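Asks: Sharing a structure here in C-alpha cells format.
The values are calculated or read from the model by the stated rules, or taken from the named source; none is laboratory data. Model, not experiment: these values are computed from the prediction. Note: ideal-geometry Cβ built from the backbone for every residue, glycine included; neighbour counts use all protein chains shown.
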Amino acid sequence: MTESDDSEARAALAVLGPEFDLPPTDAPLRPYVICASPRSGSTLLTTLLHGTGRMGVPAEYFNPIHLQPKLGARFGVSVGGPRVVAAGYLSALAAHRTSANGVFGAKILLSQMQSWIGVPQFRDLLARSTFLWLRRRDKQAQALSLVLAQATQVWHRDRDAAPVETVPRFSAGEMRRALGIVLAEDFAWREFFTINGVHPISVAYEDLVTDPDVPCRALAEALGVPDLPRLTLQQAVTRPTAGEANAVWRRQWRQSLRFRRDRPAG
C-alpha cells in the first residue's frame with residue numbers, strides 16, 4: 001500500500017502544507033495538549049478546534065511516521081528520516097502554528113509522548129500546557145473501531161461519504177488484541193497524569209459527538225479564550241466511521257463470550 005492510499009497517513013498529513021501556517025504573533029504562548037489513544041475521536045476534535053480560528057492548528061505533530069518527518073523537512077530541521085532537531089522543530093511549530101492570541105495545540109499519543117519526554121524543551125512546553133484527555137467510555141466500541149480501521153484501512157470518513165459496509169471476517173483474537181491496546185493506553189495515561197500531578201480536562205468521545213461545543217468551550221475557557229464560536233457536529237469535516245461491520249462484529253464478539261445460550265444477556 002502506498003502512502004497516498006493510506007487514509008491514516010492522509011489524515012495525519014492534512015495540515016502539512018504552508019497554507020496551514022499562521023502569521024507570527026508576539027502574544028504569550030498558551031499551549032495545550034490533547035492526550036489521545038487510537039480511535040478516540042481526536043481527528044474530529046482537532047479539526048473542530050482548528051476551524052474556530054482561535055485555537056491554533058492542533059495536529060499529531062509528533063507522529064514519527066507521517067507528519068513529523070515531512071514537516072521537519074519543510075521547516076528545515078530534519079536530520080534524515082523521521083529524525084528532527086528537537087529544539088528547532090518545537091520552535092518552528094510554535095512559530096508557524098500559533099494563533100494570533102498565542103494559542104498553540106498538539107495532539108499526541110502515549111508512545112509519542114514517551115519518545116519526546118527526554119527533550120528538555122518538550123518538558124518545558126508540557127509544564128506550560130493545559131491538558132485535555134480524550135477517551136471513550138465504550139472500550140468495546142473503541143476496540144471494534146481499531147480492528148475494523150486496520151482491516152479496511154478506512155481510518156476517517158469525510159463529511160459527505162457513506163460508511164464503509166464491507167464486513168471483514170470476525171476474529172476474536174483480533175478483538176482481544178485491540179481491547180488490550182485501548183485498555184493499556186487508558187491505564188498508562190492515568191499513570192502519566194498521576195505521576196506528573198496533572199489534572200486534565202477529561203472529555204469522553206460519546207459527549208464530544210453529542211455536543212462538541214461543550215468540551216471545546218471548556219478547553220478554550222481554560223486557556224483564557226472567551227470568544228469561541230458555537231460549534232456543532234455538522235461543522236466537522238469528518239464523521240464517525242461506524243457502520244454495519246461494527247454492529248456485526250459486536251454481536252459476534254458477545255456471542256463468543258456467551259455460555260448461557262438459553263438466557264442471552266443484553
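Asks: Could you list, ordered by first residue, the pairs with Cβ atoms under 9 Å in which the first is in segment 55-80 and of a type in the set (Asp, Glu) and the second is in a loop (DSSP other than H, G, I, E, B) and buried (at least 18 other Cβ atoms within 10 Å of the Cβ), at least 6 apart or interchain?
Replies: Pairs that qualify, where the first residue is of a type in the set (Asp, Glu) and the partner is in a loop (DSSP other than H, G, I, E, B) and buried (at least 18 other Cβ atoms within 10 Å of the Cβ), are Glu60/His66.
Asks: Could you look through segment 43-62, keep only residues that are buried (at least 21 other Cβ atoms within 10 Å of the Cβ) and among the small types (Gly, Ala, Ser), and pick out the one that is farthest from Gly224 (Cα to Cα)?
Replies: Ala59
Asks: Filter segment 212-225 for residues that are outside any helix (DSSP H, G or I) and either touching a helix residue (DSSP H, G or I) at 6+ places or on another chain (Cβ under 8 Å) or β-branched (Val, Ile, Thr) (or both); which is farthest from Gln252 (Cα to Cα)?
Replies: Let us first name the residues in segment 212-225 that are outside any helix (DSSP H, G or I), namely 212, 223-225.
Next, only the ones that are either touching a helix residue (DSSP H, G or I) at 6+ places or on another chain (Cβ under 8 Å) or β-branched (Val, Ile, Thr) (or both) stay: 212, 225.
Numbers: Pro212: 31, Val225: 46 Å.
So the residue we want is Val225.
Asks: Out of segment 60-78, which residues are among the small types (Gly, Ala, Ser) and either at pLDDT 95 or above or part of a helix (DSSP H, G or I) (or both)?
Replies: Gly72, Ala73, Gly76
Asks: Under 6 Å by Cβ, and 6 or more places apart or on different chains, what pairs join a residue from segment 127-146 that is among the polar types (S, T, N, Q) with one that is in a helix (DSSP H, G or I)?
Replies: Filtered contacts from segment 127-146: Thr130/Ala222; Gln142/Val182.
Asks: Just for segment 147-197: of the residues that are among the basic types (Lys, Arg) and within 27 Å of Leu48 (Cα to Cα), which one is modelled with the highest pLDDT? Outline the logic, then answer.
Replies: The initial filter retains those residues of segment 147-197 that are among the basic types (Lys, Arg), namely 157, 159, 169, 176-177, 190.
Checking the rest, the ones that are also within 27 Å of Leu48 (Cα to Cα) come to 157, 159, 190.
Details: Arg157: 56, Arg159: 56, Arg190: 97.
My answer is Arg190.
Asks: A follow-up question, please. Does segment 170-201 hold any residues that are loosely packed, with under 13 Cβ neighbours inside 10 Å and outside any helix (DSSP H, G or I), and which are they?
Replies: Gly197, His199
Asks: For segment 114-126, does any single residue satisfy the condition of being in contact with a helix residue (DSSP H, G or I) (Cβ under 9 Å, 6 or more places away or on another chain) and at pLDDT below 95?
Replies: No, that holds for no residue.
Asks: Is there a residue being farther than 30 Å from Ala94 by Cβ and surrounded by fewer than 19 Cβ atoms within 10 Å (Cβ to Cβ) anywhere in segment 116-124?
Replies: Just the residues of segment 116-124 that are farther than 30 Å from Ala94 by Cβ, to begin with: none.
No, that holds for no residue.
Asks: A further question follows. Which of the residues belonging to segment 5-23 are modelled with pLDDT under 65 and part of a loop (DSSP other than H, G, I, E, B)? Don't jump to the end; show me each part of the working.
Replies: So the first thing to find is which residues in segment 5-23 are modelled with pLDDT under 65, and the list is 5-11.
Asp6 - this is the single residue of segment 5-23 that is modelled with pLDDT under 65 and part of a loop (DSSP other than H, G, I, E, B).
Asks: Another one. Check off (1) more than 14 Å from Val15 (Cα to Cα); (2) touching a helix residue (DSSP H, G or I) at 6+ places or on another chain (Cβ under 6 Å) for Ala95 and give me the number that stays unchecked.
Replies: With respect to (1) more than 14 Å from Val15 (Cα to Cα); (2) touching a helix residue (DSSP H, G or I) at 6+ places or on another chain (Cβ under 6 Å), Ala95 is out only on (2).
Asks: Just for segment 127-146: of the residues that are assigned to a helix (DSSP H, G or I) and under 19 Å from Asp186 (Cα atoms), which one is modelled with the lowest pLDDT?
Replies: First, the residues of segment 127-146 that are assigned to a helix (DSSP H, G or I): 127, 139-146.
Then drop every residue that is not under 19 Å from Asp186 (Cα atoms), which leaves 139-146.
Details: Lys139: 92, Gln140: 90, Ala141: 89, Gln142: 91, Ala143: 90, Leu144: 89, Ser145: 86, Leu146: 89.
Of everything passing the filter in segment 127-146, Ser145 is modelled with the lowest pLDDT.
Asks: Return the residues of segment 219-235 that are surrounded by fewer than 20 Cβ atoms within 10 Å (Cβ to Cβ) and touching a Leu at 6+ places or on another chain (Cβ under 7 Å); say none if nothing qualifies.
Replies: Scanning segment 219-235 gives a single hit, Gln235.
Per-residue answers, yes or no, for (1) modelled with pLDDT of 95 or more; (2) part of a loop (DSSP other than H, G, I, E, B); (3) surrounded by fewer than 22 Cβ atoms within 10 Å (Cβ to Cβ):
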site	(1), (2), (3)
Thr25	yes, yes, yes
Pro28	yes, yes, yes
Arg39	no, yes, no
Gly80	no, yes, yes
Gly88	yes, no, yes
Thr98	yes, yes, no
Lys107	yes, no, no
Gln112	yes, no, yes
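Asks: Here is a follow-up. Considering only segment 202-218, state which residues are surrounded by 17 or more Cβ atoms within 10 Å (Cβ to Cβ) and either touching a residue at least 60 places away in the same chain (Cβ under 8 Å) or within 16 Å of Ile108 (Cα to Cα) (or both).
Replies: Val203, Ala204, Tyr205, Leu208, Pro212, Pro215, Cys216
Asks: Related question: For Ile201, which of the numbered conditions (1) over 28 Å from Leu126 (Cβ atoms); (2) modelled with pLDDT of 85 or more fails to hold?
Replies: (1)
Asks: In this structure, does Asp21 turn out to be in contact (Cβ under 8 Å) with a residue 40 or more places away in the chain, more than 16 Å from the chain's Cα centre (by Cα) and over 21 Å from Ala222 (Cβ atoms)? Give the derivation first.
Replies: Numbers: in contact (Cβ under 8 Å) with a residue 40 or more places away in the chain: yes; more than 16 Å from the chain's Cα centre (by Cα): yes; over 21 Å from Ala222 (Cβ atoms): yes.
When the stated conditions are applied, Asp21 passes them.
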